[in-house]
Amino acid sequence: MRKAWIVVIAAGSAGLAFVMVLVVGVYLVAGNLANGVGGKSVGLAKGAVPAAYQALVQKWGNLCDAINPALLAAQLYQESGFNPKAQSHAAAQGIAQFIPGTWATHGLDGDGDGDRDVWDPNDAIPSAASYDCSLAKYVKDVPGDPTANMLASYNAGAYAVIKYGGVPPYKETQNYVKTITTLSESFAAPTTRVDPSEQAAGAIAYAQKKLGTLYLWGGTGTAEQGGRFDCSGLTQAAYDSVGITLPRVANDQYNAGPHPSRDELLPGDLVFFSDDLTNSRAIRHVGIYVGGGYMIDAPRTGAVIRFDPIDTPDYFGATRVTEDGAKALPTSV
């Protein structure tokens, strides 16, 4: 939530062979792409920010050098999951989770309609960006990365950043800075091809073993459920088998890493489907890409885990899961 400190200061064996040939490619490609990631982009990944807020985040995310649209999107997602009606037990309010005291000092009339409404994203999103930039100004003379110092100020207060000459040695603050900067990568449109996941082969191998298992809505593969899965339960279990913990639902799994384009997909990427191609919060289905235009997925009640094509009208996009990306996701949004 927005801190108040500044107010005070101011398919079978054939299928297995098919998959394993493709999985080998992950490691062959890895060597060629080790240096494939370019600089940070200020563009937003397709649909990562709901369409209703995308223009606001893109505009206000460029308010000062310490922030960018992807970073602002990561903060909003972390705070509220883009829910303009969110309210915490600590009285933080709206899409940007301002507490009343901070809003009273830093709330803006972002849309020029004559009021400052914490529940209106047209006011709250500009206010969030402005507040970040205010923090950055307080610590502009501190050595180090301006964005890291701004985020540390948000978490621990500018006085701590000034005192320690950078991000203070507080575990919570250091984790916060890493979490937001890592999470921002899932909201940025990649400028070059993203690195392949080293855990991809293991995740595919796990899903491969589940082919033919009957779908269960809400299934996570427990013994009580007969080892059955729904779509996101399968992808969660597949990556858990290689030590990566994903959120339970598909629309949060979308934020577990950067987003390769359709022609850059590699085996192990998660592929997503939605009836609203402008909003990742509306994603309703996920599978694990295996190559050749196919995924392994748990499709629906009455069906079994199987190979399905991904090139359908409801194809939303893909995520290359990373360990850091998964760790950065909030436990609930």
Looking across segment 187-215 at residues that are among the polar types (S, T, N, Q) and at pLDDT below 95, the single one that is farthest from Arg262 (Cα to Cα) is Gln199
Among residues of segment 288-333 being part of a loop (DSSP other than H, G, I, E, B) and of a type in the set (A, V, I, L, M), the residue nearest to His89 (Cα to Cα) is Val333
Within segment 241-288, the count of residues that are among the hydroxyl-bearing types (Ser, Thr, Tyr) and open to solvent by 10 Å² or more (accessible area, probe 1.4 Å) comes to 4
Right, Leu234: among the aliphatic types (A, V, I, L, M) and in the same structural domain as Ala318 (by the TED database) or not?
-> yes
Selection from segment 289-320 of residues open to solvent by 10 Å² or more (accessible area, probe 1.4 Å) and of a type in the set (D, E, K, R) yields Arg300, Arg306, Asp308, Asp311, Asp314
Exactly one of Ser197, Ser153 is in a loop (DSSP other than H, G, I, E, B) and either open to solvent by 10 Å² or more (accessible area, probe 1.4 Å) or small (Gly, Ala, Ser) (or both), and that one is Ser197
Reported set for segment 113-144 where residues are in a loop (DSSP other than H, G, I, E, B), among the small types (Gly, Ala, Ser) and either under 19 Å from Leu71 (Cα atoms) or open to solvent by less than 60 Å² (accessible area, probe 1.4 Å) (or both) is Gly144
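Looking at Thr173, Thr192, Thr220, Thr182 in this structure, which one is surrounded by fewer than 20 Cβ atoms within 10 Å (Cβ to Cβ) and more than 21 Å from Gly243 (Cα to Cα)? Even if it seems obvious, please write down each step before you answer.
Details: Thr173 fails: surrounded by fewer than 20 Cβ atoms within 10 Å (Cβ to Cβ); Thr220 fails: more than 21 Å from Gly243 (Cα to Cα); Thr182 fails: more than 21 Å from Gly243 (Cα to Cα).
When all the criteria are applied, what remains is Thr192.
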Note on Gly39: of the conditions (1) outside any helix (DSSP H, G or I); (2) modelled with pLDDT of 90 or more, unmet is (2)
* Asked: Out of curiosity, is Gly94 within 16 Å of Ala189 (Cβ to Cβ), open to solvent by less than 10 Å² (accessible area, probe 1.4 Å) and either in contact with a Pro (Cβ under 8 Å, 6 or more places away or on another chain) or outside the structural domain of Asp123 (by the TED database) (or both)?
  -> no
So Ala73, is it modelled with pLDDT of 95 or more and under 18 Å from the mean Cα position of the chain (by Cα): yes
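The values are calculated or read from the model by the stated rules, or taken from the named source; none is laboratory data. From a predicted model like this one, the values you see are computed outputs, not experimental measurements. Glycine also receives a Cβ, built like all others from the backbone with ideal geometry; neighbour counts cover every protein chain displayed. Surface areas here come from the heavy atoms of the whole protein model, side chains and all, with no ligands, DNA or RNA. Shrake-Rupley method; radii C 1.70, N 1.55, O 1.52, S 1.80 Å.
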